[in-house]
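For reference, the structure is listed below as structure tokens.
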Amino acid sequence: MGCLWFQRGKKNKAVGLPDFQTGVGPYKTDVKVDTSNFDTVEIEHGGNPPKYEDISNLQSSKEHVTQVLQDSHKRGYLEEVASRHQMIIVDDNFRLSKPLKKTIQLTADLLHLCHVKLGANSTTTFMSYRNSEDDSLMKDEDREIMLYLQDLFGTSSRDHARKVIDAFSTHTNDPRVANVAKNFKELEKTAETNVDVAHDEFLSFVRSQKAVFHKGWKSSGIIGPKFHSLYEEACENASKQEASLNSLRFSLERTLDTIEYQRKQNIFRPTNILFVCGSKLQKSEITKLREILSKTTDGITAEMKSEISIQVLACWHETQSSIEGHRQLDNHKKGNADIYDCTSISSQILFGGPGNLFFAKAHNGHLKEWDDKKYGPDDIVNFTRAREIGQRKEKGNFVVPTVADIEFG
């Protein structure tokens, strides 16, 4: 392929395609941004966009996002969005830096805007925070078990967990409670040498049992400020269990297990699974996920591959070390078994906004022509625009357009 052409202002600019992929390798670009004022960037929705009169021919963030989304739609890059289920899974790790959290929020904002405008069946789920709005509709016994598991996951030690188990086990014969107690006793046998490790292992078991009650929100119902409020709640909730470093590995593993079940039952449905994350995978976690990925994709046909796609939008700030694990998983399989795609999202998106192929790359990973495409430095995140805005030493806001602001011709 030669060059990609896209519209910027009133001029066409050709972006050459260098020999690197944005999703799987480091950015080879000389575009540098002063990161000292990243913490001052705030994200707004609608309203009056900031103007940059002293920077020639530079659009406001609101105008920029509108143009990129409209151009992607005009070029047919978004044809698959409404015809596939869209599942957004958001990293709610409370330990992430402020710029990284904002990068995650903005990335999810852009996905919400695209999905809702196109009428896609889109859901948004946090990795460790569930939607409890419909809990009143649950069976009484299921609600009791769910609350019991939540209490257990919040325990601070082995002795604390035992106290919760003993108190709850006396007034129910539910086999799920007996299973929890059995697992605790088995792990307790190993606690003589390392109590903390045994408790951590028990928390992992409890989290797996909680998964059946985990559910998200319709993206159309939380787009904009409500999503940001929920994100803050999710991070606050995650901070209550400090023994859990993050929920990324668990969420990826659960997703792969679901795909494997669908493969065996031959019940695939066209779905894009979009992870928006900033947590780092450890070496042991990468090894385990590679094993699961191999098992999950064994025997996947071309037809199956077209039905399912895991797109990891791996957010990073100042260093890309946090996305190395995703690169390894992205490169682990080829052909029909290549269902895992990683796209790195720099925090410079807070200044520069999305690149001209941001929406296309996020939603077409199941298509070989997009998965194999080479991407330039301004295609996913607009680094050139970020550099120009980043030179300004003043507080600024990134204004995301509303659905009503977007018009498709």
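The values are calculated or read from the model by the stated rules, or taken from the named source; none is laboratory data. Keep in mind that what you see is a predicted model, and the values were worked out from it rather than measured. Quick reminder, even Gly has a Cβ in these numbers, built from the backbone with ideal geometry, and neighbours come from all protein chains shown. For the accessible areas, the whole protein counts, side chains as well, though only heavy atoms, and no ligand, DNA or RNA atoms are used. Shrake-Rupley method; radii C 1.70, N 1.55, O 1.52, S 1.80 Å.
Quick one: in segment 277-291, of everything that is assigned to a loop (DSSP other than H, G, I, E, B) and touching a Gly at 6+ places or on another chain (Cβ under 9 Å), which residue is least open to solvent (accessible area, probe 1.4 Å)?
The first filter runs over segment 277-291 and keeps only residues assigned to a loop (DSSP other than H, G, I, E, B), leaving 278-282.
Okay, now just the ones that are also touching a Gly at 6+ places or on another chain (Cβ under 9 Å), so 280-282.
Working: 280: 99, 281: 8, 282: 96 Å².
If we take residues in segment 277-291 being assigned to a loop (DSSP other than H, G, I, E, B) and touching a Gly at 6+ places or on another chain (Cβ under 9 Å), then 281 is least open to solvent (accessible area, probe 1.4 Å).
If you check 379, 371, 330 for being closer than 20 Å to residue 89 by Cα and of a type in the set (Asp, Glu), only one passes: 330. Only one of the numbered conditions (1) surrounded by 14 or more Cβ atoms within 10 Å (Cβ to Cβ); (2) out of contact with any Cys (no Cβ under 8 Å at 6 or more places or on another chain); (3) modelled with pLDDT of 90 or more is violated by residue 225, and that is (1). Being modelled with pLDDT under 90 and exposed (fewer than 15 other Cβ atoms within 10 Å of the Cβ) is the requirement here; does residue 152 meet it? So residue 152 does not fit the description; no.
Restricting to segment 232-247, name every residue that is open to solvent by 90 Å² or more (accessible area, probe 1.4 Å) and part of a loop (DSSP other than H, G, I, E, B). 240, 242, 245, listed by residue number.
Condition check ((1) within 21 Å of residue 270 (Cβ to Cβ); (2) free of Cβ contacts under 8 Å to residues at least 40 places away in the same chain; (3) among the small types (Gly, Ala, Ser)) across all residues:
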| site | (1), (2), (3) |
| --- | --- |
| 314 | no, yes, yes |
| 322 | no, no, yes |
| 363 | yes, no, no |
| 366 | yes, no, no |
| 369 | yes, yes, no |
| 377 | no, no, no |
| 380 | no, no, no |
| 388 | no, no, no |
| 402 | no, no, no |
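Note on segment 117-151: residues that are touching a strand residue (DSSP E or B) at 6+ places or on another chain (Cβ under 7 Å) and closer than 14 Å to residue 85 by Cα total 6.
Restricting the first member to segment 204-225 and to residues that are closer than 15 Å to residue 110 by Cα, and the second to residues that are of a type in the set (Asp, Glu) and part of a helix (DSSP H, G or I), the beta-carbon pairs closer than 9 Å and six or more apart or on different chains are 223/109; 224/109. Restrict the check to segment 116-126 and report whether at least one residue is under 14 Å from the mean Cα position of the chain (by Cα) and either open to solvent by 50 Å² or more (accessible area, probe 1.4 Å) or more than 19 Å from residue 279 (Cα to Cα) (or both). Scanning segment 116-126, I find at least one residue that is under 14 Å from the mean Cα position of the chain (by Cα) and either open to solvent by 50 Å² or more (accessible area, probe 1.4 Å) or more than 19 Å from residue 279 (Cα to Cα) (or both), so the answer is yes. One residue alone among 163, 102 is exposed (fewer than 15 other Cβ atoms within 10 Å of the Cβ), among the basic types (Lys, Arg) and part of a helix (DSSP H, G or I), and that residue is 163. Under the condition of being open to solvent by less than 40 Å² (accessible area, probe 1.4 Å) and either aliphatic (A, V, I, L, M) or more than 32 Å from the chain's Cα centre (by Cα) (or both), the residues counted in segment 139-149 number 3.
Check 227, 250 and return the single one that is assigned to a helix (DSSP H, G or I), of a type in the set (Phe, Trp, Tyr) and in contact with a His (Cβ under 9 Å, 6 or more places away or on another chain). Walk me through it before giving the result.
Values: 250 fails: in contact with a His (Cβ under 9 Å, 6 or more places away or on another chain).
Answer to the check: 227.
Scanning segment 253-276 for residues that are open to solvent by 10 Å² or more (accessible area, probe 1.4 Å) and in a helix (DSSP H, G or I) yields 253, 254, 255, 257, 258, 260, 261, 262, 263, 264, 265.
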